[in-house]
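So the structure is just underneath, and the comments pick up after that.
We did not get these values from a lab; they are worked out from the coordinates using the rules stated. From a predicted model like this one, the values you see are computed outputs, not experimental measurements. So basically every Cβ, Gly included, is an ideal-geometry build from the backbone, and we count neighbours across all protein chains shown.
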Amino acid sequence: MTSRPAAAQYLRDLARLRRVRDRIDREYAQPLDVEALASGVHMSAGHLSRQFRLAYGESPYSYLMTRRIERAMALLRRGDISVTEVCFEVGCASLGTFSTRFTELVGMSPGTYRRQQAHATVGIPSCVAKQVTRPIRNREAPLTEPELD
């Protein structure tokens, strides 16, 4: 049997986790780390990471990177800025880390995505394009065969 104080604490923790997730969604391009996110909701970094993973199925850092990659995908589809500019625009400090994570989530490099998807969502409402082009989380991108030209 769950006590009322324990249930109330659980609900308070969920509300704090939602605030962290909302902050990541709003400030994805800012330098965010787990310690800063945790201090903003008065939790330790370890406790936040464990509870966030339990609630959302991935770590706060993984969630942040997914948000950054989603935004990067939209910028790359526009086609008017370089991959390096996109990397820094979405808050990544390292082009290598950005490219690696992008490839893990999307299944192709940012440059390849930019070339292939530049006109893929023309005429599609942005709300639909966002759903159709959402990156796959947790390294589930399908392996693509190398192109032989």
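Place a point 7 Å from the Cα of Ala118 along the Cα-to-Cβ direction; which residues of segment 53-88 have their backbone N under 17 Å from it?
Residues passing the 17 Å test: 73-86.
Compute the signed sum of charges (Lys and Arg +1, Asp and Glu -1) over the other residues within less than 15 Å, Cβ to Cβ, of Leu48.
+3
Rg(Cα) of segment 62-132 divided by 2.2 N^0.38 Å?
1.02
Provide the FRET efficiency to the nearest 0.05 for the Ala6-Ala45 pair, computing r from the beta carbons and using R0 = 22 Å.
According to the calculation, E is roughly 0.45.
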